[in-house]
Each structure stands twice: as structure tokens, then as C-alpha cells.
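Structure, as C-alpha cells:
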Amino acid sequence: MDRQSSAFGETLDCEPGREGYGGDVMGTAATILTRAGVLLFDDEHIRWPLAELADWLDEGVKSIIKVKPGAHTEQIVLPLARGTSQKVPQDARVVQLIDILCNEPNEDGGGGRAIRSTARSSLDASEPSWHDPSYVPYRRQVRQYVYDSTLPFDFYVYPGNDGTGRVRAVASTLPPTVSGQVEAGSTNIAAYEIPHGLPEQYDDVLLDYVLYRANLKDDTAAQPARATLHYQAFSASLGYQAQTEAAAPSGGGR
């Protein structure tokens with residue numbers, strides 16, 4: 001059984017309140033910064049202060065999400081405009097739309113019908129006038145949606161919405177920065193015992209990014225060759241994870 005349909009072809013209600021797609025354990029900033037200090041032979045974080053390493057850790061998180069939007073997702077509720085063409089409201093933390101799960105339930109708890117993704121070519125072939133409300137009346141409930149990742153904030157709904165609907169979606173978002181959660185210039189490693197924003201599976205990738213930036217630091221400890229090696233490891237690991245996830249079977253019933 002997939003997320004949207006049962007073995008009997010019945011449409012299932014979605015599950016409001018889920019956080020994105022997974023329950024992965026989040027890695028902590030302290031883990032990355034401690035390991036970086038050891039590998040840099042700077043356990044006391046003298047040459048590379050914790051605050052500096054934390055800034056690079058935040059850079060690494062953003063770099064990963066830019067390449068792999070699914071690395072950090074959240075569920076959001078999107079109000080719909082009248083018509084078929086829709087936009088994700090502008091928010092600095094939202095990177096792109098990932099999926100649309102279902103219609104947001106009414107106040108009485110009803111109406112949370114699941115929504116299927118479809119190709120625009122399929123709708124155009126089966127219902128050429130689907131954008132025209134005189135042919136396909138606008139409704140509150142959405143049954144299908146069309147999305148192209150090259151337009152990360154745009155999508156279409158079928159039937160066109162009457163302007164009163166809301167849908168529950170999954171979006172790629174930027175997590176709160178580590179630097180923004182810790183007192184400026186803090187030298188206490190305990191203060192960094194907070195999530196860095198990505199699952200633990202990205203810890204090694206983030207460590208390589210931090211070491212890459214640290215070894216580029218413009219001082220007597222700079223080691224460009226070592227920085228290049230860490231950046232290559234960062235890129236290779238990220239590419240491998242992307243290929244692995246692309247090859248894995250999808251649970252979205254697409």
C-alpha cells in the first residue's frame with residue numbers, strides 16, 4: 001500500500017502533523033566541532049575558534065540542502081488562490097516545494113482527501129480545457145497537482161481551486177543556524193550540543209566541509225592541498241548519497 005491509495009484503489013486521508021518524510025536522528029553541532037578540533041590538532045579550539053567552525057558548519061548545511069533539497073523538510077499548509085495556477089508563499093527559509101500530500105481538513109476534521117501528483121501532459125490529453133472553470137468548475141478540494149522542480153515555487157491544481165482551499169505540503173527548508181542559537185563568540189563546547197539541522201547520516205559529509213574551510217584559512221596553518229582533498233570527499237559523498245536515494249524505491253506512489 002502506498003501513501004495515497006490502498007490495494008482496493010480507495011483514496012486515503014493524509015496524516016496531518018507528520019514532520020516531513022522521516023524520523024531520522026539529528027546530528028549535533030558539538031559532535032562535528034569536536035571531531036574537527038581533533039583532526040586539526042586544535043583540541044582547545046585556539047587557532048580555529050568554535051564560533052568560526054560553527055559558521056562553516058552552517059555553510060555546509062546550506063550547501064547540502066542546495067544539492068539535496070530532501071535533506072531537510074517540513075510540512076507546511078498552503079492557502080490556495082482562485083484558479084489552477086498556484087505559488088508557494090515567499091519565505092526565506094523555504095528552498096522549494098517537494099510534495100503535496102492532501103487537502104487540509106476542515107474545522108470539523110473532514111475533507112482531508114489525499115492528492116495525487118500527475119504530469120501536465122496527462123491532464124492536457126484527458127481534459128484539454130482543465131484551466132477553464134466553465135468546463136471544469138473550481139472547487140475547494142484538490143484531487144491532483146502538477147509540479148516541475150525547475151520552477152520550485154510554482155504548481156498547478158486540478159480541479160482549479162475556488163480560493164477557499166488549503167493543502168498540506170512538504171517543503172525543503174533551511175533549519176535554524178547553529179550560530180544563531182549560540183551566544184556570539186561562545187567558547188564552551190557544551191553550548192553547541194544542539195542539532196545542526198540534518199540527520200546524523202550527513203555528519204561525515206559536514207565534517208569534510210568544515211575541514212575544507214578550516215584548511216583554507218588564510219594564516220600560517222593554511223593547507224590548500226588538504227583543503228582540496230576534503231572538498232573532493234565532501235562532493236563525492238554528497239554525490240553518492242544523491243545517487244543512492246535516486247535509486248531507492250519511492251514510497252510516494254508516483
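Being within 17 Å of Thr173 (Cα to Cα) and either out of contact with any helix residue (DSSP H, G or I) (no Cβ under 8 Å at 6 or more places or on another chain) or modelled with pLDDT of 95 or more (or both) is the requirement here; does Ala92 meet it? Spelling it out, Ala92 is indeed within 17 Å of Thr173 (Cα to Cα) and either out of contact with any helix residue (DSSP H, G or I) (no Cβ under 8 Å at 6 or more places or on another chain) or modelled with pLDDT of 95 or more (or both). Residue count for the range 103-113 under the criterion of being touching a strand residue (DSSP E or B) at 6+ places or on another chain (Cβ under 6 Å), at pLDDT below 95 and not basic (Lys, Arg): the result is 3. Does the range 59-85 hold any residues that are of a type in the set (D, E, K, R), within 15 Å of the chain's Cα centre (by Cα) and assigned to a helix (DSSP H, G or I), and which are they? Lys62, Lys66 - these are the residues of the range 59-85 that are of a type in the set (D, E, K, R), within 15 Å of the chain's Cα centre (by Cα) and assigned to a helix (DSSP H, G or I). The conditions of being in contact with a Leu (Cβ under 7 Å, 6 or more places away or on another chain), open to solvent by 80 Å² or more (accessible area, probe 1.4 Å) and either modelled with pLDDT of 95 or more or within 30 Å of Arg113 (Cα to Cα) (or both) are met by Arg166.
Residues are listed down the side, and each one gets a yes or a no for (1) modelled with pLDDT of 95 or more; (2) assigned to a strand (DSSP E or B):
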{"residue": "Val170", "(1), (2)": "yes, yes"}
{"residue": "Ser186", "(1), (2)": "no, no"}
{"residue": "His196", "(1), (2)": "yes, yes"}
{"residue": "Leu207", "(1), (2)": "yes, no"}
{"residue": "Tyr212", "(1), (2)": "no, no"}
{"residue": "Tyr231", "(1), (2)": "no, no"}
{"residue": "Leu238", "(1), (2)": "no, no"}
{"residue": "Ala246", "(1), (2)": "no, no"}
{"residue": "Gly251", "(1), (2)": "no, no"}
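The values are calculated or read from the model by the stated rules, or taken from the named source; none is laboratory data. Remember, it's a predicted structure, so these values are computed and weren't measured experimentally. Please note: Cβ atoms are built from the backbone with ideal geometry, for glycine as well, and neighbour counts cover all protein chains shown. Ligands, DNA and RNA are stripped out before the accessible areas are found, and what is left, the full protein with its side chains, is counted by its heavy atoms. Shrake-Rupley method; radii C 1.70, N 1.55, O 1.52, S 1.80 Å.
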